[in-house]
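All remarks here apply to the structure that follows.
The values are calculated or read from the model by the stated rules, or taken from the named source; none is laboratory data. Predicted model only: the values in this text are computed from it and were never measured. Please note: Cβ atoms are built from the backbone with ideal geometry, for glycine as well, and neighbour counts cover all protein chains shown.
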């Protein structure tokens with residue numbers, strides 16, 4: 001691989017929870033980087049980060065920063081992506097955007113490589129990385145969708161606080177100590193830092209992630225619904241979601257009910273999941289084996305278990321889907337997309 | 001009320017998590033007690049407990065213990081109920097059994113007073129108290145069942161560790177400290193103390209409560225499915241459940257999807273819930289108001305929020321149901337049944 005093409009890569013939001021994981025993965029995967037540019041808000045500019053044993057200084061992200069950049073990975077919030085991604089595209093960069101800014105834009109492909117890598121090439125400069133809870137669900141459901149068709153999905157999530165950033169992790173750990181020590185619990189960040197009301201997350205289950213829409217669903221739930229339909233390319237797919245934050249640090253879990261379009265054999269379903277790329281089946285009730293957030297944390301795959309036939313609906317089944325929300329749910333999916341782009345350009 | 005009839009009451013399992021709550025409620029509710037007998041296993045016999053300012057000594061539960069008892073409240077495990085409830089009935093006691101021993105027995109009414117108090121009188125000496133996660137769900141769904149009919153329920157639970165007893169609470173708190181201090185986490189009790197494999201519950205979500213059946217469902221899930229059908233008295237009602245333990249001390253939360261038999265107005269649904277006995281509606285997205293386990297802990301009601309119309313199925317809606325699993329989910333429901341029995345005998 002010594003004569004492989006190398007690329008100029010920019011990481012925007014390099015000091016965030018997802019940005020850190022992106023850098024770790026680019027290093028581990030030996031992504032063919034000629035020049036790495038680490039970008040952030042003015043606040044973090046000047047900090048240094050080690051990459052491949054070399055100290056890199058973080059620069060403030062500006063339009064000009066993207067001059068000569070081949071691939072730009074954005075995870076600094078929707079406003080930053082909206083402000084800078086078009087300028088990066090103008091300068092010839094392909095942007096992989098981890099925010100919700102462009103996900104539902106009809107001109108922007110929304111990609112989970114195991115599901116719809118074939119539409120990456122339709123991009124016009126920006127490729128969107130889906131919401132964390134969507135990614136793991138569609139990766140696990142894709143083999144069933146291809147084999148049987150899917151008519152309905154009803155999902156309830158058990159989401160880790162790391163999805164709300166490092167400050168939410170710190171808040172949960174601090175609140176946990178406050179409860180253990182019998183002190184008053186303070187809530188400053190969750191459920192939504194920009195909204196007035198805060199709720200304790202330690203030893204609790206909070207059924208709000210992101211703001212509410214008028215229809216009573218949260219944006220997190222709407223993201224799961226709309227993004228799943230877009231990624232599957234299926235406007236007839238009926239999806240319902242209830243998104244809940246629980247006191248877990250890393251790893252989103254999902255209780256998923258699925259109605260297929262044809263009858264199925266439950267052992268064939270397990271076999272399909274077992275053979276699916278990026279999916280690990282952990283499903284043995286005899287040994288109490290099923291996916292757990294604490295096991296999935298730090299791993300790249302989507303883990304599936306508790307696969308069982310519904311007792312009443314002849315075409316329905318239930319399953320439990322777990323993945324590290326910062327890895328497959330964010331950084332790893334983005335790096336996978338970058339690897340697809342890089343390998344296309346090698347040809 | 002000075003000339004009201006008084007009763008001889010026995011509490012079996014008086015030192016357990018539920019037994020303690022039963023005693024507290026009998027006291028708070030000024031239940032008309034002539035004589036209170038506290039019973040337990042040989043292990044706890046001899047301990048003393050205060051009730052209404054008087055010290056009571058706990059005796060070992062034997063068949064003869066129930067001589068002269070009017071009402072016996074059992075919460076000492078299924079084996080104890082199976083061994084002693086028939087002997088108590090022979091001696092003229094009416095047993096309110098909080099274990100799963102008699103719940104599905106066709107001769108035993110399974111009671112949630114707000115739902116089916118009318119069948120209490122059909123008892124033949126034993127009345128069963130349903131599973132905690134079932135009670136709060138049927139209490140909240142009853143007004144919708146009566147008004148519209150219900151065809152399907154799909155529920156995912158977020159259950160507190162107190163449902164597995166005081167030792168499970170202690171295990172979770174100990175594991176939490178172990179994680180915070182960076183020590184190795186030991187798991188001895190959860191998910192099921194009698195099974196060989198244990199999993200960490202601190203900062204985790206464990207999709208197993210009780211043992212597995214061959215069909216892939218856990219007994220907890222089967223309890224929710226079967227008990228809901230029995231309490232509603234509806235063999236056509238389709239129920240699916242996924243039961244998950246999360247690191248919460250008190251209060252079960254449930255994400256519930258419901259398909260009604262007729263079209264509905266969502267504001268009428270809210271009004272019905274608001275007016276339902278034993279149900280408190282907490283549903284205002286403008287003020288981020290919805291039920292939370294930490295708020296429900298210590299309260300008697302079932303709390304309902306996140307009520308919203310499904311985006312695709314014209315007869316479906318979603319809701320979030322929370323209640324204290326030791327109170328309405330166990331002790332309070334049992335004491336409510338005892339109050340019904342007592343008030344019948346006043347007449």
> Hey, among A:155, A:138, which residue is away from every other protein chain (no Cβ under 12 Å), closer than 22 Å to residue A:330 by Cβ and either modelled with pLDDT of 95 or more or not in a helix (DSSP H, G or I) (or both)?
Replying inline: A:138
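For (1) assigned by TED's automatic domain parsing to the domain that holds residue B:70; (2) crowded, with 24+ Cβ neighbours inside 10 Å; (3) modelled with pLDDT of 95 or more; (4) in a strand (DSSP E or B), each residue gets a yes or a no:
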| residue | (1), (2), (3), (4) |
| --- | --- |
| B:280 | no, no, yes, yes |
| B:286 | no, no, yes, no |
| B:291 | no, yes, yes, no |
| B:298 | no, no, yes, no |
| B:313 | no, no, yes, no |
| B:317 | no, no, yes, yes |
| B:321 | no, yes, yes, yes |
| B:336 | yes, no, yes, no |
| B:341 | yes, no, yes, no |
>> So for the range B:208-215 (the condition being touching a helix residue (DSSP H, G or I) at 6+ places or on another chain (Cβ under 7 Å), surrounded by fewer than 19 Cβ atoms within 10 Å (Cβ to Cβ) and within 8 Å of chain A (Cβ to nearest Cβ)), does at least one residue qualify?
In response: no
>> For the range B:269-278, which positions are in a helix (DSSP H, G or I) and in contact (Cβ under 8 Å) with a residue 24 or more places away in the chain?
In response: B:269, B:270, B:272, B:273, B:275
> So, of the residues in the range A:124-135 that are more than 14 Å from chain B (Cβ to nearest Cβ) and in contact with a strand residue (DSSP E or B) (Cβ under 7 Å, 6 or more places away or on another chain), which turns out to be surrounded by the fewest Cβ atoms within 10 Å (Cβ to Cβ)?
Replying inline: A:125
>> Of all residues being in contact with a strand residue (DSSP E or B) (Cβ under 8 Å, 6 or more places away or on another chain) and away from chain A (no Cβ under 13 Å) in the range B:264-279, which is farthest from residue A:214 (Cα to Cα)? Just the residue, please.
In response: B:278
> Hey, does the range B:70-80 have a residue that's free of Cβ contacts under 8 Å to residues at least 40 places away in the same chain, in contact with a helix residue (DSSP H, G or I) (Cβ under 9 Å, 6 or more places away or on another chain) and assigned to a loop (DSSP other than H, G, I, E, B)?
Replying inline: no
>> Which numbered condition in (1) more than 9 Å from chain A (Cβ to nearest Cβ); (2) more than 24 Å from the chain's Cα centre (by Cα) is the only one that residue B:203 fails?
In response: (1)
> Across the range A:183-198, what is the total count of residues that are crowded, with 20+ Cβ neighbours inside 10 Å and at the interface with chain B (Cβ under 10 Å from one of its Cβ atoms)?
Replying inline: 2
> Just to be sure, is residue A:115 out of contact with any helix residue (DSSP H, G or I) (no Cβ under 8 Å at 6 or more places or on another chain) and either more than 10 Å from every other protein chain (Cβ to nearest Cβ) or assigned to a helix (DSSP H, G or I) (or both)?
Replying inline: no
> Given the conditions (1) surrounded by fewer than 20 Cβ atoms within 10 Å (Cβ to Cβ); (2) modelled with pLDDT of 95 or more, and given that residue A:166 satisfies all but one, which numbered condition is not satisfied?
Replying inline: (2)
> Could you list, in sequence order, the residues of the range A:82-93 that are buried (at least 22 other Cβ atoms within 10 Å of the Cβ) and either within 20 Å of residue A:343 (Cβ to Cβ) or without any contact (Cβ under 8 Å) to a residue 40 or more places away in the chain (or both)?
Replying inline: A:93
>> Looking for something assigned to a loop (DSSP other than H, G, I, E, B), over 24 Å from residue A:254 (Cβ atoms), in contact (Cβ under 8 Å) with a residue 40 or more places away in the chain and within 18 Å of the chain's Cα centre (by Cα) - is there at least one such residue anywhere in the range B:209-221?
In response: no
>> Being free of Cβ contacts under 8 Å to residues at least 24 places away in the same chain and outside the structural domain of residue B:226 (by TED's automatic domain parsing) is the filter here; which residues of the range B:120-168 pass it?
In response: B:122
>> Every residue in the range A:216-236 that is surrounded by fewer than 23 Cβ atoms within 10 Å (Cβ to Cβ), within 9 Å of chain B (Cβ to nearest Cβ) and touching a helix residue (DSSP H, G or I) at 6+ places or on another chain (Cβ under 8 Å), please.
In response: A:216
>> So residue A:171 passes all but one of these: (1) touching a residue at least 40 places away in the same chain (Cβ under 8 Å); (2) in contact with a helix residue (DSSP H, G or I) (Cβ under 8 Å, 6 or more places away or on another chain); (3) more than 9 Å from every other protein chain (Cβ to nearest Cβ). Which condition number does it fail?
In response: (1)
> Within the range A:311-322, which residues are under 28 Å from the mean Cα position of the chain (by Cα) and facing another protein chain (nearest Cβ under 7 Å)?
Replying inline: A:318, A:320
>> Give me the residue from the range A:241-256 that is in a loop (DSSP other than H, G, I, E, B) and either within 15 Å of residue B:318 (Cα to Cα) or at pLDDT below 95 (or both) and, out of that set, nearest to the other protein chains (Cβ to nearest Cβ).
In response: A:244
> What residue, of B:282, B:288, is under 28 Å from residue A:199 (Cβ atoms), free of Cβ contacts under 8 Å to residues at least 24 places away in the same chain and more than 9 Å from chain A (Cβ to nearest Cβ)?
Replying inline: B:282
>> Looking at the range B:30-42, can you tell me whether even one residue there is out of contact with any strand residue (DSSP E or B) (no Cβ under 8 Å at 6 or more places or on another chain), within 14 Å of residue B:335 (Cβ to Cβ), surrounded by fewer than 19 Cβ atoms within 10 Å (Cβ to Cβ) and modelled with pLDDT of 95 or more?
In response: yes
>> Based on this model, can you work out whether residue A:130 counts as within 16 Å of residue A:317 (Cβ to Cβ) and not in a strand (DSSP E or B)?
In response: no
> Of the conditions (1) closer than 17 Å to residue B:129 by Cβ; (2) surrounded by 15 or more Cβ atoms within 10 Å (Cβ to Cβ), residue B:66 fails just one. Which one is it?
Replying inline: (1)
> Mind checking which residues of the range B:291-306 are more than 7 Å from every other protein chain (Cβ to nearest Cβ) and touching a strand residue (DSSP E or B) at 6+ places or on another chain (Cβ under 6 Å)?
Replying inline: B:291, B:296, B:301, B:302, B:303, B:304, B:305
